[in-house]
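Contents: one structure, followed by commentary.
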Amino acid sequence: MFEKILIANRGEIAVRIIRACKELNIRTVAVYSEADANSIHVQLADEAICIGRAPSSESYLRIDRLVSAAEVADVDAIHPGYGFLSENAHFADVCESCNIRFIGPSSRAMNALQEKAVSRALAKKAGVPVAPGSEGVVETEAEALATAKKIGYPVLIKAIAGGGGRGMRVAHNDISLMRGYHTARAEAEKAFGNSGVYVEKYFENPHHIEFQILGDSRGNLVHLGERDCSIQRRHQKLIEETPSPFIETKFKDLRKKMGKAAIRIAEVAQYNNAGTVEFIVDDQGQFYFLEVNKRIQVEHPVTEEVTGIDLIRAQILIAMGEPLKLSQGDIHFRGHAIECRINAEDPLDGFRPSPGRIEMYYSPGGRGVRVDSHAYAGYTIPPHYDSMIGKLITYGKDRREALDRMNRALGEFLITGIKTTISFEQTVLQDPDFRRGVYSTGFIEEILRRGSQGFSSEAA
């Protein structure tokens, strides 16, 4: 049994992990940058250690400082959360070499899935469909052009490392391909320290469907159903739900097929702990492997709500060497859950981040409403990190009830002093097509093309 865990992260996910640890009677150690000295996770943890200045490169991304903090605090394990070093195989190796358990997949599994081009090859080995594209890294402009001509435009140029929409460019012809190829490489180098890119077929406005998986060190693997993450802008998710209305209303047989595909990929990679296998699906129900996220996901709460499984708790128990006490037949899906990411951003200004001091903060409550956040009245959102300040999750016996509950809860969410995405998300939820579950990855752009009437960037 772990006695103490260090959380190598900040914000709402750090708070979420602290809560799970407290319920397991495990002590927690928070780390924080100078900018996060007044953050809630620092106050809630049993101990807290400052690891550096505000920039991530001088604090949350410093493996040496994180490990030193862990050794000083004498912890048994480190939970990396998401982002930062959560998918860094070297960090996992360093932890293990210092006799500190890394709460996540093994470095072997992470290395097998680290680069998206390598992951594509692994998916092929598992017999899972992948989008047509290059076999590996595209080294030259000429090679990129040859691949595009072979598979046909439009194509997507993608960084082999990282995520979050960085190092990605869509090309519809040779000219935009050449421009996008160099831009994506430069962006990838700056963001991830790796300029490698590959080229694959670009599907116009597909559905983005992902499957949550759990695996233990004994080779037991299960999936916990799908999440529809198609409501996104610039490849950044904004609203997620489960079950997927697209699958539920049109292709129910896909759930079993895609779930089995996710398990096959995990088996080939010898995956353990929590992870997410992502797919794109076209309107005909053909699905293609996208990537594996080797960590807990921001949107994990919707899966927890419909399955009743605490995923952070499961991560910790698996890292302790506990076997999965679940088989696929033990997992049942009940009701519907939706998550809205509450970001400190201005939708009227291209979703520009809106750091600053929160003057008023009132979060909604009531039956079927959950808020995961680290914000409070008087808290100053630093400009150095991701703009997400919380997640609003609603649950209902069916999609309509979950939607109505979300609409009500968004109306109760009061945040002043900064710009937020709350009103914009209300606009999305009230859209007739969204209410009917008819949407794809191009939905937000369509909303924006209709104009900014009907929403503001101030909290309601």
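The values are calculated or read from the model by the stated rules, or taken from the named source; none is laboratory data. Everything numeric in this text was worked out from a predicted model, so none of it was measured. For neighbour counting, all protein chains shown are included, and Cβ atoms are generated from backbone atoms with ideal geometry for every residue, glycine included.
For the structure I just gave you, tell me whether Gly83 is under 30 Å from Val15 (Cβ atoms), in the same structural domain as Ser57 (by TED's automatic domain parsing) and outside any helix (DSSP H, G or I). Explain how you work it out, then say what you get.
Numbers: under 30 Å from Val15 (Cβ atoms): yes; in the same structural domain as Ser57 (by TED's automatic domain parsing): yes; outside any helix (DSSP H, G or I): yes.
Yes, satisfied.
Taking only the range 201-232 into account, find how many residues are free of Cβ contacts under 8 Å to residues at least 60 places away in the same chain, under 21 Å from Lys250 (Cβ atoms) and not charged (D, E, K, R).
Final tally of qualifying residues: 0.
Going through the range 200-223 one residue at a time, which ones are touching a helix residue (DSSP H, G or I) at 6+ places or on another chain (Cβ under 8 Å) and at pLDDT 95 or above?
His207, Ile209, Phe211, Gln212, Ile213, Leu214, Gly215, Asp216, Leu221, Val222, His223
Would a scan of the range 233-252 turn up a residue that is in contact (Cβ under 8 Å) with a residue 60 or more places away in the chain, within 30 Å of Glu139 (Cβ to Cβ) and either among the charged types (D, E, K, R) or in a strand (DSSP E or B) (or both)? Working first, answer last.
Kept after step one, since they are in contact (Cβ under 8 Å) with a residue 60 or more places away in the chain, are these residues of the range 233-252: 233-243, 245-246, 248-249.
Narrowing the set further to residues that are within 30 Å of Glu139 (Cβ to Cβ) leaves 234-236.
Filter once more, so that each one left must be either among the charged types (D, E, K, R) or in a strand (DSSP E or B) (or both): 234, 236.
Yes; the residues of the range 233-252 include at least one that is in contact (Cβ under 8 Å) with a residue 60 or more places away in the chain, within 30 Å of Glu139 (Cβ to Cβ) and either among the charged types (D, E, K, R) or in a strand (DSSP E or B) (or both).
List the pairs whose first member sits in the range 329-351 and is in contact (Cβ under 8 Å) with a residue 12 or more places away in the chain, whose second member is among the small types (Gly, Ala, Ser) and surrounded by fewer than 16 Cβ atoms within 10 Å (Cβ to Cβ), and whose Cβ atoms are under 6 Å apart, counting only residues at least 6 apart or on separate chains?
Leu348/Ser452
Test Ala121 against the criterion of being touching a Lys or Arg at 6+ places or on another chain (Cβ under 8 Å) and part of a helix (DSSP H, G or I), and give yes or no.
Numbers: touching a Lys or Arg at 6+ places or on another chain (Cβ under 8 Å): no; part of a helix (DSSP H, G or I): yes.
The answer is no for Ala121.
Note down all Cβ pairs under 8 Å where the first residue falls in the range 10-29 and is within 18 Å of His300 (Cβ to Cβ), the second is of a type in the set (Lys, Arg), and they're at least six residues apart or on different chains.
Hits for this filter: Glu12/Lys391; Ala20/Arg313; Cys21/Arg27; Glu23/Arg313; Leu24/Arg313.
Identify the single condition in (1) of a type in the set (Asp, Glu); (2) under 30 Å from Asn272 (Cβ atoms); (3) assigned to a helix (DSSP H, G or I) that Glu187 does not satisfy, given that it satisfies every other one.
(2)
For Glu135, which of the numbered conditions (1) part of a helix (DSSP H, G or I); (2) modelled with pLDDT under 95; (3) exposed (fewer than 15 other Cβ atoms within 10 Å of the Cβ) fails to hold?
(1)
Would you point out which residue out of Glu241, Glu267, Glu226 is in contact with a Ser or Thr (Cβ under 6 Å, 6 or more places away or on another chain) and at pLDDT 95 or above? Give the steps one after another, and end with the answer.
Details: Glu241 fails: in contact with a Ser or Thr (Cβ under 6 Å, 6 or more places away or on another chain); Glu267 fails: in contact with a Ser or Thr (Cβ under 6 Å, 6 or more places away or on another chain).
Result of the check over Glu241, Glu267, Glu226: Glu226.
For every residue, the table says whether it meets (1) over 20 Å from Phe246 (Cβ atoms); (2) at pLDDT 95 or above.
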position: Leu392; (1), (2): yes, yes
position: Arg400; (1), (2): no, yes
position: Leu403; (1), (2): no, yes
position: Met406; (1), (2): no, yes
position: Gly411; (1), (2): yes, yes
position: Thr420; (1), (2): yes, yes
position: Gln426; (1), (2): yes, yes
position: Ala459; (1), (2): yes, no
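Limited to the range 102-116, what total is found for residues that are in contact with a Gly (Cβ under 9 Å, 6 or more places away or on another chain) and closer than 18 Å to Cys21 by Cα?
Going through the range 102-116, the residues in contact with a Gly (Cβ under 9 Å, 6 or more places away or on another chain) turn out to be 104-105, 109-110, 113, 115-116.
Now restrict to residues that are closer than 18 Å to Cys21 by Cα: 104.
So the answer is 1.
Among residues belonging to the range 139-169 that are part of a strand (DSSP E or B) and among the hydrophobic types (A, V, I, L, M, F, W, C), point out the one that is surrounded by the fewest Cβ atoms within 10 Å (Cβ to Cβ). Show your work before the answer.
First pass over the range 139-169, keeping only residues part of a strand (DSSP E or B): 155-159, 168-169.
Now narrow it down to the ones that are among the hydrophobic types (A, V, I, L, M, F, W, C): 155-157, 159, 168.
Numbers: Val155: 28, Leu156: 19, Ile157: 29, Ala159: 27, Met168: 21.
The extreme case among them is Leu156.
What's the total number of residues in the range 401-428 that are closer than 18 Å to Cys229 by Cα, in contact with a strand residue (DSSP E or B) (Cβ under 8 Å, 6 or more places away or on another chain) and assigned to a helix (DSSP H, G or I)?
Residues meeting the conditions: 6.
If only one of Thr421, Thr416, Thr394 is among the hydroxyl-bearing types (Ser, Thr, Tyr), over 21 Å from Leu44 (Cα atoms), assigned by TED's automatic domain parsing to the domain that holds Asn272 and surrounded by fewer than 19 Cβ atoms within 10 Å (Cβ to Cβ), which one is it? Please lay out each step first, then the result.
Working: Thr421 fails: surrounded by fewer than 19 Cβ atoms within 10 Å (Cβ to Cβ); Thr394 fails: surrounded by fewer than 19 Cβ atoms within 10 Å (Cβ to Cβ).
Exactly one residue qualifies, and that residue is Thr416.
If you take the residues in the range 18-77 that are in a loop (DSSP other than H, G, I, E, B) and touching a Leu at 6+ places or on another chain (Cβ under 7 Å), which one is farthest from Ser373 (Cα to Cα)? First the steps, then the outcome.
First pass over the range 18-77, keeping only residues in a loop (DSSP other than H, G, I, E, B): 24-26, 37-39, 45-46, 53-55, 59-62, 74-76.
With the extra rule that they be touching a Leu at 6+ places or on another chain (Cβ under 7 Å), the set shrinks to 61, 75.
Numbers: Leu61: 22, Val75: 25 Å.
Top of the filtered list is Val75.
Any residue at all in the range 338-359 that's farther than 22 Å from Leu238 by Cβ and assigned to a strand (DSSP E or B)? First the steps, then the outcome.
We begin by selecting, within the range 338-359, every residue farther than 22 Å from Leu238 by Cβ; these are 357, 359.
Now restrict to residues that are assigned to a strand (DSSP E or B): 357.
Yes, there is a match, as at least one residue in the range 338-359 is farther than 22 Å from Leu238 by Cβ and assigned to a strand (DSSP E or B).
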